[in-house]
1. Pairs needed: first member in region 109-122, on the phi < 0 side of the Ramachandran plot; second member anywhere, part of a loop (DSSP other than H, G, I, E, B) and open to solvent by 40 Å² or more (accessible area, probe 1.4 Å); C-beta distance under 6 Å; at least 6 residues apart or different chains.
2. Can you name every residue in region 413-462 that is surrounded by fewer than 21 Cβ atoms within 10 Å (Cβ to Cβ) and polar (S, T, N, Q)?
3. Mind checking whether some residue in region 336-354 is within 16 Å of the ligand (Cβ to nearest atom), of a type in the set (S, T, N, Q), open to solvent by 10 Å² or more (accessible area, probe 1.4 Å) and under 29 Å from LEU212 (Cβ atoms)?
4. Restricting attention to region 70-90, report how many residues are outside any loop (DSSP other than H, G, I, E, B) and open to solvent by 30 Å² or more (accessible area, probe 1.4 Å).
5. Can you tell me which residue within region 358-388, out of those that are more than 16 Å from ASP329 (Cβ to Cβ) and more than 16 Å from the ligand (Cβ to nearest atom), is least open to solvent (accessible area, probe 1.4 Å)?
6. Filter region 169-206 down to residues that are among the hydroxyl-bearing types (Ser, Thr, Tyr), near the ligand (Cβ under 9 Å from one of its atoms) and not in a strand (DSSP E or B), then give me how many there are.
Amino acid sequence: MTDVYELSTDVLVIGGGPAATWAALRAARDGADVVLADKGYCGTSGATASAGTGVWYVPPDPIEREAAIASRASLGGYLADRRWSTRVLDETFARLNELAEEARYPFPVGPDGRQLRNGLQGPEYMRRMRIRARRAGVRILDHSPVTELLVDTAGAVAGAAGYRRQAGEDYRVRAGAVVLATGGCAFQSKALGCDVNTGDGALFAVEAGAELSGMEFSNAYGIAPEGTSVTKTAFYHFATFYRADGTVLEGAGGRNRSPIAAELLCGKVFCRLDRADEPARAAMRRAQPNFFLTFDRLGIDPFTDKFSVTLIAEGTVRGTGGIRLVADDCATGVAGLYAAGDAATRELICGGFTGGGSHNAAWAISSGTWAGGGAAGYALSLGAGAARRRVSGIGEAGARPEGPRITGDARAVVSAVQREVLPYDKNYLRRGSVLADSLSTLDEIWSDVRDSLGGDGAERVRTRQAAAMTAHARWMYHAALARTETRGMAKRLDFPDQDPDQQYRLITGGVDQVRVRPDHAAVPAGAAS
Ligand SMILES: Cc1cc2nc3c(=O)[nH]c(=O)nc-3n(C[C@H](O)[C@H](O)[C@H](O)COP(=O)(O)OP(=O)(O)OC[C@H]3O[C@@H](n4cnc5c(N)ncnc54)[C@H](O)[C@@H]3O)c2cc1C
């Protein structure tokens with residue numbers, strides 16, 4: 001039997017990306033004792049750390065702000081909420097200014113001598129966020145994936161349990177409140193930085209009784225040079241796409257990747273960033289140097305050479321579905337549980353489409369800050385008795401199998417789920433009949449997981465990840481089937497039009513029995529479709 005390492009704290013933050021570090025920083029500054037537990041090494045793990053990120057940083061000029069909010073209205077299928085968008089713009093503006101002035105982040109300087117604060121280099125950004133959290137007193141547990149939440153006898157979330165990979169021991173953290181900042185779910189597709197993002201937080205939240213929102217908006221696919229994992233997509237707006245025979249692939253240049261997906265089903269697709277003029281090329285290198293590393297290493301000049309591309313699934317990392325929030329402080333509706341970043345739904349600011357870049361980063365900063373504040377306030381209100389509560393683990397699928405014997409193989413489960421969610425003709429170019437077939441396969445996988453998947457120590461981490469990905473896939477397809485129209489990124493080939501009667505969010509819940517219901521109350525007033 002392994003030893004169990006025990007800790008207690010006011011706030012436990014689960015995750016190690018931007019949402020987690022902003023949450024930890026805010027909770028510590030609000031006077032809470034904070035532990036942050038990351039599956040990887042906080043500062044290098046997750047979708048932001050290995051790349052760079054455009055940020056929705058818009059000065060408080062009424063015209064610019066209005067344009068920023070309006071730019072996502074139609075794209076997101078009129079499901080965004082103006083009040084939340086305004087809050088995020090305000091909070092992001094303040095936090096990025098803090099990053100520049102207090103943390104001395106080295107933003108590049110534009111031709112007018114002013115700093116360009118609408119982009120961050122992942123490695124530098126996250127290195128600084130780790131240092132800032134440490135300086136604020138946050139205790140960081142690296143390489144310590146959480147595998148389940150702990151609840152008290154009233155069902156309030158009271159900590160979490162996991163496994164410390166390098167020490168080879170289980171651990172438990174008792175906490176007054178927990179922030180889930182575990183990122184989205186990219187189904188281990190190999191998209192850059194995303195293989196740690198296996199949807200664990202969503203499974204933890206639903207097991208505790210929380211709900212999800214926008215799970216049909218979960219089929220983001222990023223463009224990458226073939227054979228690489230670099231799904232940085234913003235600059236492909238400057239691209240022309242070509243079929244293998246050299247003819248231009250019409251309609252593939254914008255945000256609609258359907259022509260690329262359809263062509264990739266039967267052949268190769270090539271591309272060249274030939275719509276960027278000289279000043280744009282220089283600006284692109286300045287703004288996102290990481291984007292060019294791959295090309296420089298491969299000896300490709302992306303502005304003049306054609307190179308083959310592929311689409312890699314990013315699921316809810318650049319989709320907008322996630323844990324439903326019920327209050328401004330990112331509370332989930334379960335006492336003691338808060339959510340932030342990609343783990344939480346981003347419908348509030350983007351509706352059903354993130355539209356590439358900027359909003360996700362702004363959301364991670366803002367929601368992280370609010371969730372940290374909310375969790376600190378809640379935990380501190382509990383007083384010293386919080387640490388003495390009787391607690392128990394609530395992880396089921398992949399942790400405590402229902403059958404008498406553990407026979408399941410986590411890797412085989414992941415491969416089976418990937419066969420249903422990665423192919424373009426199942427998840428990107430969606431049709432009801434294909435979704436329904438996939439769902440019945442996923443239900444069988446789920447039943448096997450429930451029956452026989454489990455393990456201890458490092459194996460439990462793998463079995464829980466496999467369970468989380470299976471659960472995610474089922475929530476995704478249940479919601480996708482319920483939306484019988486095309487809205488945001490939830491495109492249905494069998495329902496190609498937007499239906500004004502379906503201008504609502506879809507709430508999904510349940511672990512074994514999945515339920516989907518429309519949330520009519522959440523339709524933003526005044527939004528027209
Ligand atoms: C290539 C690429 C480019 C992008 N570019 C942009 C852009 O330009 N602009 C933009 O707005 N957005 C962009 N995004 C999206 C953006 O990166 C994410 O929205 C952002 O990283 C979300 O932050 P997060 O903290 O929620 O999640 P992440 O940064 O993914 O961090 C999740 C963290 O949770 C940890 N974790 C997961 N499970 C567990 C567990 N069980 N226990 C403990 N820890 C766990 C992981 O180790 C990781 O540290 C991009 C994404 C990709 C993949």
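The values are calculated or read from the model by the stated rules, or taken from the named source; none is laboratory data. Small disclaimer: the values here were computed from a predicted structure and weren't measured. Cβ atoms come from the backbone with ideal geometry, glycine included; neighbour counts cover every protein chain shown. Protein only, heavy atoms only, side chains kept; ligands, DNA and RNA dropped before computing areas. Shrake-Rupley method; radii C 1.70, N 1.55, O 1.52, S 1.80 Å.
1. Filtered contacts from region 109-122: GLY110/LEU116; LEU116/PRO108; ARG117/TYR57; ASN118/TYR57; GLY122/SER50.
2. SER415, GLN418, SER433, SER440, THR441, SER447, SER452
3. In the first step, residues of region 336-354 are kept if they are within 16 Å of the ligand (Cβ to nearest atom); the result is 337-354.
Within this subset, residues satisfying the condition of being of a type in the set (S, T, N, Q) are 345, 354.
This time we only want the ones that are open to solvent by 10 Å² or more (accessible area, probe 1.4 Å), so: none.
No, the conditions are met nowhere in region 336-354.
4. So the answer is 6.
5. ALA386
6. 1
So that you can scan it fast, the table gives a plain yes or no per residue for (1) open to solvent by 40 Å² or more (accessible area, probe 1.4 Å); (2) under 16 Å from VAL196 (Cβ atoms); (3) within 14 Å of the ligand (Cβ to nearest atom):
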position: ARG117; (1), (2), (3): yes, no, yes
position: ARG132; (1), (2), (3): no, no, no
position: ARG135; (1), (2), (3): yes, no, no
position: SER144; (1), (2), (3): no, yes, yes
position: ARG164; (1), (2), (3): yes, yes, yes
position: ALA167; (1), (2), (3): yes, no, no
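Per-residue answers, yes or no, for (1) within 16 Å of the ligand (Cβ to nearest atom); (2) more than 17 Å from THR320 (Cα to Cα); (3) at pLDDT 95 or above:
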{"residue": "ASP437", "(1), (2), (3)": "no, yes, yes"}
{"residue": "ASP451", "(1), (2), (3)": "no, yes, no"}
{"residue": "THR470", "(1), (2), (3)": "yes, yes, yes"}
{"residue": "TYR477", "(1), (2), (3)": "no, no, yes"}
